[in-house]
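Take a look at the structure set out below.
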Amino acid sequence: MLSVTIGIKQFSWKKFLGGILLLNIAWIVSADEAALKNPDGSWKWTNRLIDETSPYLLLHAHNPVEWYPWGDEAVALAKKENKIIFLSVGYSTCYWCHVMERKVFSNPEIAAMMNKNFINIKIDREERPDLDEIYMTATQLLIQRGGWPNSVFLTPDLKPFYAGTYFPPTDMPGRPGFPTILDAVHEAWVTREVEVIDSANQISNTIDMAISRGFTALSARALDRTITTAALDYLRTAYSHAYGGFGTAPKFPSPANLEFLLSEYQRESGLQTAPTKDESLLKMVTRTLDMMAYGGMYDQVGGGFHRYSVDAKWLIPHFEKMLYDNAQLAKLYLQAYQLTQAPRYRRVAEEIFNFIFREMTAPEGGFYSALDAETDAEEGKYYVWTADEIRKVLGKKDAARFADVYGVDKGPNFEGHSVLYVPEGAAAEASVKDLSKAREKLLAVRTKREYPLLDTKIIVNWNGLMIDALAYGYHVLGEERYLSAASKAAQFILDTMTKPDGELCHTYTAGVVKQDTYLDDYAFFVRGLLRLYQATGDEQWLDSAKTLTDRMIQLFWDNKNGGFFYTKADAKHLIVRTKKPYDSAIPSGNAVAVKNLLALGADYRHYAEKTLRSFAESMAQSPSSFMYMHFALNDYLISAENFEPPSDAVVAAIAKVKGQSDDIFNIELQLKIAAGWHINANPAGQDYLIPTTVELDANASVEIVDIVYPKGKSTRFEFSDEPLNVYEGNFTIPLRLKQRPNVTRKENTPIILKLTYQPCNDTECLFPETLDISLELP
């Protein structure tokens, strides 16, 4: 671990950065904007960010720091001058990003140090999620935690060697301020460049293993319910029986956890063996949804959810509002309504959509990305109330009733103000409904307050989530405006955010389309298109979904190890081509892609299976990081368990890889014989009968090591004096394959198993048939 000298003490990077992250930094007020302006009101400084469209980057366009956007110019300059790159990653609704902008990057003395010794690059993580993942992984490796703003120091070759999050403008007792950091990092570079580069190389290699090279189908394990069972066991352990949700403070909504639980509950509900149904799974979901909906994390006046709760009770939120949270949660509340028919879940979903239509829908048809947490440098100022403010709006009598239902009568709970919540929870649902007019009055007054910063980026992947939710809302509730909004947004993306060659772009802001696309854009948007098709039956949405899925495979598929890369092969200035495999606030693009591929049918199934295999070992080892992939695996297993032959087929079969040891593949061939029919066993019992056999083409790249035909059922028929051995119903044939010596197996080319059989019923036998069965090997 590289260390630098700060003052007269020796600090390790990990130790003192960890200390900074644990600081309880005092509340910092807004910088005096006048200090950044000339007497005539013009700005003293303007940097290269002035040409950007991101609202977050534009907030830094008048810093005295000579900011560059990420790109050729900055990278070339760093190499030419052999300077360290200071990379600052944030987003528009990040409170501490704003604090660092006001107190550090607006300080001319600090800016002078940055400009002299560093090439300074500012990134909006929502525009560049690929870079955000790479360099957040670096920060987590270096200091064992992360957050935004993410502050990373890179070599001119873009490799990280030192990182932190928020840095204060001045030294604090035992804790260095940003100027001290700058001096120490610069001193390390000019005196120990070789050591710095060696450290950066090691860190970069570890990043590559963590988010890309570590996932391979060569370490295949069986795709079965032991993996999903382990994930369920994890959720049961992590679940908070007191307050719902998972873990302790801070509490995040974790939609992937809840969707997986609902899918497992619905799977068990569909089983013939009713006693296996576990009502506790549904209870975990509904308890969590209730606690969130009646807590302060939900905007009780305006609808919609804030990002997360800072406490375990869902009471005090971090106040930003994100499109992706509200899309995923609206859908969850609709699913809960479908299962329980409880009106409160319908109400919450409808209020989320009302909020989206009112505050986050662009005239063009897409949806904006986020609302900031602060106004006037005060977090939550737009959303909180005092008892007097409520009394002035509602009058004494109505205010007293409102205060009783929404916890105001219990006293302030947030810096002298009240975050509204419903202490009685679902028991007060009738009162909540009766107070709808009171909430409308308070909302009308609230809209006159200074509005938080609205990030007007339209991001394809997040829009895909909202299109999915709205189309599902139409399916469940029959509201035409939900379908209209979803269709308009989808058409906007197809018309405006698609290049002439058919590739998607990532963002649209103020009429400008920019940024190369990512896996998430295709996977999430296709998810929305498929939902539109399911809701309407309109073939145009299905056709677009298939076209974009084909392009996704072309751009992102890993022919060697399976699964999808997050970035295109020609993406520039990346030290790692990541697969971004883990869930975050949004699901993994690979996981969503698997669900889409399964929904699109047999032509795409082998891509889904190979993707699942490439992540199966990691899913088993770390279920919490792959919860949406478990949700997708559930779909895969359900489809396999419910495998039915076509109505006119006598025999249907699928082949699965059950495991791998060295160069030997353990295969299971699953057969279903239509009712009233049988096929001859192997051996058949009579020399004149044709036994069931499994073979490979002579030119196949693999060969059969051994095969175990199951023992047939001894059955008498009218046409035979002796009993015959036959197969009926469902059965499996296990076999083992190995690679042929000196034969190269083509990537992404399935192996064809040839099943030869003779179907018979009680009175006749048909001609022998051969069925080709496709098998994708890892």
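The values are calculated or read from the model by the stated rules, or taken from the named source; none is laboratory data. Quantities reported herein were computed from a predicted structural model and do not represent experimental measurements. Heads up, the Cβs are rebuilt from the backbone with ideal geometry, glycines too, and the neighbour counts pull from every protein chain shown. Accessible surface is based on the protein model in full, side chains and every heavy atom, while ligands, DNA and RNA are left aside. Shrake-Rupley method; radii C 1.70, N 1.55, O 1.52, S 1.80 Å.
Could you give the distance between the Cα centres of the range 101-133 and the range 53-70, to the whole Å? What the calculation gives is 8 Å, centre to centre. Taking the Cα centre of the chain as reference, the dipole from Cβ charges on Lys and Arg (+1) and Asp and Glu (-1) amounts to some 1800 debye. Checking (1) 41, 33, 29; (2) 53, 31, 25; (3) 52, 35, 23 against semi-axes √(5λ) of the Cα gyration tensor in Å calculated from these atoms, the matching label is (3). By the Cβ distance rule of under 4.7 Å, the chain has these cysteines without a partner: Cys505.
In order along the range 625-635, the phi-based Karplus estimate (6.51 cos²θ - 1.76 cosθ + 1.60, θ = phi - 60°) of 3J(HN,Hα) comes to 7, 10, 5, 5, 5, 5, 4, 5, 4, 4, 4 Hz; Gly and Pro are listed as x.
The Cβ shell under 12 Å around Lys410 holds other residues with a net charge of -3, Lys and Arg each +1, Asp and Glu each -1. How large a share of the accessible area of the range 335-492, in percent, is made up of carbon and sulfur atoms when the probe is 1.4 Å and the other protein chains stay in place? Looking at the range 335-492 in its full context, I get 50 percent from C and S.
Cα convex hull of the range 508-581: mean projected area in nm², to one decimal? Hull-based average projected area comes out at 6.6 nm². Secondary-structure-derived ellipticity at 222 nm for the chain, considering helices only, amounts to -13000 deg cm²/dmol, per-run term -39500 (n - 2.57) for DSSP H runs with n ≥ 4.
Only one residue of Ala312, Gln554, Leu465 has its Cα farthest out toward the positive end of the dipole of the chain, where Lys and Arg carry +1 and Asp and Glu -1 on Cβ, and that residue is Ala312.
Going by amide H atoms built from the backbone, whose H comes under 5 Å of the H on Leu223, apart from near neighbours? Amide H to amide H, under 5 Å and 5 or more residues apart or across chains, Leu223 pairs with nothing.
Counting only Cβ charges, +1 for Lys and Arg and -1 for Asp and Glu, the dipole size of the range 262-370 around its Cα centre is about 200 debye.
Of the listed pairs Lys331/Lys595; Lys159/Lys595; Lys283/Lys610; Lys499/Lys656; Lys514/Lys546; Lys433/Lys457, which have alpha-carbon separations greater than 28 Å here? In this structure, Lys159/Lys595; Lys283/Lys610; Lys499/Lys656; Lys433/Lys457 exceed 28 Å between Cα atoms.
Helix 602-621 axis versus longest C-alpha principal axis of the chain: approximately 60°, rounded to the nearest ten. Taken per residue, the accessible surface of the chain reaches 40 Å², heavy atoms only and a 1.4 Å probe. Between the helical axis of 72-81 and the longest alpha-carbon principal axis of the chain there is an angle of about 70 degrees. Ordering Thr536, Ser204, His417 by Cα displacement along the dipole of the chain toward the positive end leaves His417 in first place; charges were set at the Cβ atoms of Lys, Arg (+1) and Asp, Glu (-1). Each Lys and Arg adds +1 at its Cβ and each Asp and Glu adds -1 at its Cβ; summed about the Cα centre, the range 136-205 shows a dipole of about 300 debye. The C-alpha atoms of the chain define a longest principal axis, and helix 589-600 lies at about 40 degrees to it. For the range 550-583 versus the range 342-418, the inter-centroid distance based on Cα atoms is 41 Å.
Just check the range 678-778 against the gyration tensor rule for me: Cα atoms, a ≥ b ≥ c as the square roots of the eigenvalues, rounded for a/c under 1.5, and otherwise prolate or oblate depending on whether a/b exceeds b/c.
Numbers: a/c = 2.86, a/b = 2.51, b/c = 1.14.
Cα axes put the range 678-778 in the prolate bin.
Spatial offset of the range 155-192 relative to the range 459-484 amounts to 46 Å, using the alpha carbon center of each. Less than 5 angstrom separates the built amide H of Glu374 from those of Gly380, Leu453, all sequence-distant by 5 or more or on a different chain.
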